[in-house]
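Encoded as C-alpha cells, the structure appears first; notes follow it.
The values are calculated or read from the model by the stated rules, or taken from the named source; none is laboratory data. Only a predicted model underlies this, so the values are computations on that prediction, with no experimental measurement involved. Cβ: placed from backbone, ideal geometry, glycine included. Neighbour counts: every protein chain shown.
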Amino acid sequence: MKILLYLSAVVVLLASCTTSTKNSSSLTKYIPRKASVVVKTTDLKDFKSALVNNDFIQELGTTSLYKTLVDNQAAFAAVQPDGETLFCYTKLGRKAYDLSIITKNHLGLFKNDSTLTKEALLNDKKIKSLGASAHYLIYNDVFIASTSKILLENVLREKNRETYTDPMFDRAYNSSSNSATASIFIKGSEGGDLYKTLFPAAGVNALKDSFTWATADIDLDQNDVRLNGVVLVQDSTNLRLSLLKNTNPAVNRITSITPTAAVAVEAISYDSWEQLKSNKADLLKVDLAQYNIPQEDLFASFTEIGVIHLAKGSVIVGVSADVSVTDNVLASGSELATFRKVKIYEVENASAFAKAYSPLLNLSSPKMYATIDDFYLFAENQEALETVIANYQNQAILATSAAFAPTKNALSRASSYLHITNLDSKNYQRLVSEQGQKNLKETTLEGYHYAALQLVQEKDYLLLNTTILKNEDNTTDASIAQIANVKLSAPITMSPQLVKNHRTDGQDIVVQDINNTLHLISNAGKVLWQKDLDSQILGDIQQVDIYRNGRLQLAFTTEKSFYILDRNGNDVGPYPLSFKDTITQPLAIFDYDNNSNYRFVIVQGEKVLMYDKKASPVSGFTFKEATSTVIFPPAHIRIANKDYIVIAENNGKLNILSRTGTARIEVKKNINFGDVPVYRNRNTFETYTVNGEKVRVTTKGEVVQTISDFDSDSRIALGKSLAVGQRENLLLINGKKKEIAYGSYSAPQVFEAAKKQYITLTNTESSEVYLYDSKGNLLPNFPIYGTSKASVGLLEINKSLGFVTQGGDKSILIYKIN
C-alpha cells in the first residue's frame, strides 16, 4: 500500500533543501549502519499524543505494522527521554525489524519507580538488560537501547565514531525541522527490503533503487496527515529518480481525465524530452549519441505522461503540447472501432512506451489509442479505454470531484512526479500479507478518500509533499462515475436489473442474453455465474427467502418453466417446474402473512395455477380458469385486514377473490384495461383504462371512472405516492408537467432507495437515461449515456445511489451517482 509507504517511508515537510550550517546531532553517530528507517522527535510526549489522537493512524490500529511498532516500543516503557530522541528500525532477520532508541542520558530518564534509575546514570559503557526483551548502554553520555544486543555490541566495537560517514544522510538530517512533531528518514539502499516486508503481495517494489535518502517532517492533527520534505539522489548511481534531474515540472493535468473511481493514478511531467533521454542514457551507462528510442517524436510532444490504474486494466495518458505534432506521429495507425463518437486506432511500436519511461513508470505495451481534446489515451484493451472516455464525457473526473478537492488544494499545480491513491477502492488491502488482509478487512478509513504524493525537481534535490486528508463535511460529488462496462458474448434481451445481495446488503445485477443464458454480475462488474435456461424470462426477477434464514433466492418464470435459483445459480429443489403449455405472464408471488409461507401463481392464457413453496399444487385454491386471457400477473391486495386476489381478463372482467379462489366481490361493470395492473389506493382498487381514465372499484363492487391527467397514449408508472406518465415531449408527475426532448422513450419506472423515490426513463433514440427525484427535478449531470431501461438502487449498503443500463447490444454499464 503506497499510503503506508508514504507514512513510514518517503515523505517530508520542509520546503527547502539549502545546505544548512548546523551540524548533525551527536546522536546520529550511534545510528545502526543498516537502519532502514529513523524517526526523530524533540518532544516524545507530544509525538505520542499526536499519534493517539490522529484518526487516520488509529483507523490502522488493527494492522500488523501498527501492532509491531507498538509492541516494540513496549520494551522501552520505563524510558522517558527528554529532548531529541531517535528511533531506529533495522532489519536483522528475514522479516523482523529491531528497534533502537538513542537519546541523551539525563536525570529522570527512567520512571521514578524504576529499579534502573540509579544504574542508568553510570557511564560505564557496559551492556545491561532492560526488562526481558531489550538491552541498553550509556556511551559518552548517550543512552542507547535496543531490542537487539548485537546492535549495542557493534557500538562498542567501532572505536572512531566522531563523525558520521554518510554526507547524504547529514544533508537530509540538517534539512529536517526541530519544531516538527517528528521527522522520518528513509535509507534508499534498505528501502527495497522495507517495502517488500510491508507489502509482500505488491507486484512492483516502489522503493527499490529509487533514491539515496528521503526525509520528511510529520505534521499530524486530529484528522489529517501531512508530510513534506526532500528526497536526495546521489549522482552516478543507478537510481530511478535520477531520470528527473535537471528537468522542470509542468502543470499536472492528468486529473482532468482520471475517473473518480480509478484505483490510482501516477504521472511524470517534463519540459525537455532531450534532458529526460539524456538522463536515461546516463542511467543505462550508454553513449547518448548512440541511444535511440522508437517514436521519440511522440514522446517529445508530451509534457506529461502517466498511467491510470482501473479496477480492470490501465490506461496510459499523454498530454500533448502540440496536438498537430502528436496526430502526425500517430497518423499511420488504422481505425479499429468507435465508442461514443470517439474513434479508436491501432498503436504501432507498442513496446516504445516501456523503453522510454522505465524504470520510473511501469508502462504496458498498448495495442490501441484514442484522443480526447489534448489527451492521448493508450491501452491494451478497449474496455479500459471506454471506461476513461465514458467518465470523461460524464465529467466524473478527479479534477471536478468534491471528495478530491481538499487534496487537490493541498497539492502544487506542477510536479515532476505525482501519485494519487483512491482509498475508497481499498486496493491497498491486496498488497499486504494474507494475515494483514484479514486485519485490514474491517478497516474503513471513513472520510479518507485520497492520498497523494508529489515530487518537484529543484536543482539537485526533489521537494516532497504528501497529504492524507479527511473530508470532515462528508462532501459528495454531483457526478456520475461509470464503475464498469461489462461485455457479454451474445446480445442482451432483458434490461439489466438490480437484485439484493443478502451477503453484503448491496446490489448485484441480473441479465439474460439471446441464448437464454442468465448472468449474475457483481456491482463491481465481475461476472459471478452464468445459467442456461430453457427460454426467455417473463417480466422482472423476484427474490424470496424459501428457508426463512435471511438468504435470498431468485424466482421467475420463463415461457416453459418456473425457476428458483440460489445465490450461486444452483436450482433450489424441487424446482424448476416444467410445463407443457406456454406460460404467458410473469410469476406472481403471494406472502399473505409476511412469514415467507409463499404462494406462487402461474398463468397460462386463461388458466391459473397456484403452488406452495414445496412446489405442490394448492388444492384449496379453487379458481382454475378465467373466462378469457389473463392480462396481468394476479395480485394480492389487503384492505381492512381482508385478503383479496385480483385477476384481470382481456374481456374487461375483473375477478376479486378470496384466498380460496371464491368470488369475494362481484364487480358490476367491465373495465377497458390499459397497461397498468390493478393496485390498491387506500380502501379501493384502482387502475387506468386504455384511454388514460382512472378507474376506482369499491369493496362493494361499484365502478367509478373519472378523467385523469393522462391521455390515451400515455405510458404510466406508479409508486407509493407517485403517479407518473409520459407521452410525446411531456412527463407528468402527480399532475405536474415537465417538458422533455422529443424522442423514442422507454416506459417510465419508479424505484425506491434509501426511503426516497426516483423516476427513470430512457430516450432510446438518443441513448440517454434520465433520472428524476420525486418532485420531478432532474438529478445533476443527467441525462447520461444508456440504451435501455435503467434499474436504480444502492449498490452498496448505506452508500451512494447507483443504476445499471445497457451500453450497447452486448454491454452493461454500471454507474455510481455521487
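Right, residue 695: within 25 Å of residue 587 (Cβ to Cβ), assigned to a strand (DSSP E or B), out of contact with any Asp or Glu (no Cβ under 6 Å at 6 or more places or on another chain) and of a type in the set (Val, Ile, Thr) or not? Taking the combined requirement at face value, the residue does not satisfy it. If you go through segment 574-589 and keep only what is more than 14 Å from residue 612 (Cβ to Cβ) and not aliphatic (A, V, I, L, M), you end up with 576, 578, 579, 580, 581, 582, 584, 585, 586. Within segment 395-432, the residues that satisfy the criterion of being among the β-branched types (Val, Ile, Thr) and not in a loop (DSSP other than H, G, I, E, B) are 397, 400, 407, 420, 421. Determine whether residue 403 is under 21 Å from residue 54 (Cα atoms) and either in contact with a Ser or Thr (Cβ under 9 Å, 6 or more places away or on another chain) or in contact (Cβ under 8 Å) with a residue 40 or more places away in the chain (or both). Criteria met by residue 403.
Of the residues examined, residue 153 is not one that is within 36 Å of the chain's Cα centre (by Cα) and closer than 30 Å to residue 126 by Cβ. Taken over segment 598-627, the residue count meeting the criterion of being surrounded by 13 or more Cβ atoms within 10 Å (Cβ to Cβ) and polar (S, T, N, Q) is 1. Taking segment 491-559 as the region of interest, the strands (runs of 3 or more DSSP E) fully inside it that hold 2 or more residues being among the aliphatic types (A, V, I, L, M) and buried (at least 20 other Cβ atoms within 10 Å of the Cβ) are 506-512, 517-521, 553-557. Only one residue in 365, 332 is over 31 Å from the mean Cα position of the chain (by Cα), on the phi < 0 side of the Ramachandran plot and of a type in the set (S, T, N, Q), so which one is that? When all the criteria are applied, what remains is 332. Evaluation of residue 563 against the conditions (1) assigned to a loop (DSSP other than H, G, I, E, B); (2) among the hydroxyl-bearing types (Ser, Thr, Tyr); (3) touching an Asp or Glu at 6+ places or on another chain (Cβ under 9 Å) shows that the sole unmet condition is (1). Out of 263, 307, one residue alone is under 23 Å from the mean Cα position of the chain (by Cα), without any contact (Cβ under 8 Å) to a residue 60 or more places away in the chain and closer than 30 Å to residue 390 by Cα. It is 307. On inspection, residue 586 passes the criterion of being outside any strand (DSSP E or B) and within 39 Å of the chain's Cα centre (by Cα). All conditions in (1) among the hydroxyl-bearing types (Ser, Thr, Tyr); (2) in a loop (DSSP other than H, G, I, E, B); (3) under 33 Å from the mean Cα position of the chain (by Cα) hold for residue 237, with the sole exception of (3). Whether any residue in segment 108-125 is surrounded by fewer than 18 Cβ atoms within 10 Å (Cβ to Cβ), at pLDDT 85 or above and of a type outside the set (Val, Ile, Thr) is what I want to check. No, segment 108-125 contains no residue that is surrounded by fewer than 18 Cβ atoms within 10 Å (Cβ to Cβ), at pLDDT 85 or above and of a type outside the set (Val, Ile, Thr). Give me the residue from segment 650-692 that is part of a strand (DSSP E or B) and among the basic types (Lys, Arg) and, out of that set, farthest from residue 625 (Cα to Cα). By that ranking, first place goes to 680.
Is it true that residue 385 is in contact (Cβ under 8 Å) with a residue 24 or more places away in the chain and either surrounded by fewer than 19 Cβ atoms within 10 Å (Cβ to Cβ) or under 23 Å from residue 225 (Cβ atoms) (or both)? It is false that residue 385 is in contact (Cβ under 8 Å) with a residue 24 or more places away in the chain and either surrounded by fewer than 19 Cβ atoms within 10 Å (Cβ to Cβ) or under 23 Å from residue 225 (Cβ atoms) (or both). Evaluate segment 459-474: report whether one residue or more is out of contact with any Gly (no Cβ under 8 Å at 6 or more places or on another chain), closer than 30 Å to residue 233 by Cβ and surrounded by fewer than 21 Cβ atoms within 10 Å (Cβ to Cβ). Yes, that holds for at least one residue.
Just one of the listed residues (756, 736) is over 34 Å from the mean Cα position of the chain (by Cα) and assigned by TED's automatic domain parsing to the domain that holds residue 786, namely 736. Total residues in segment 207-234 satisfying the condition of being in a loop (DSSP other than H, G, I, E, B), surrounded by 21 or more Cβ atoms within 10 Å (Cβ to Cβ) and of a type outside the set (Val, Ile, Thr): the figure is 3. Checked against (1) touching a Pro at 6+ places or on another chain (Cβ under 6 Å); (2) assigned to a strand (DSSP E or B), residue 602 passes all but a single condition, namely (1).
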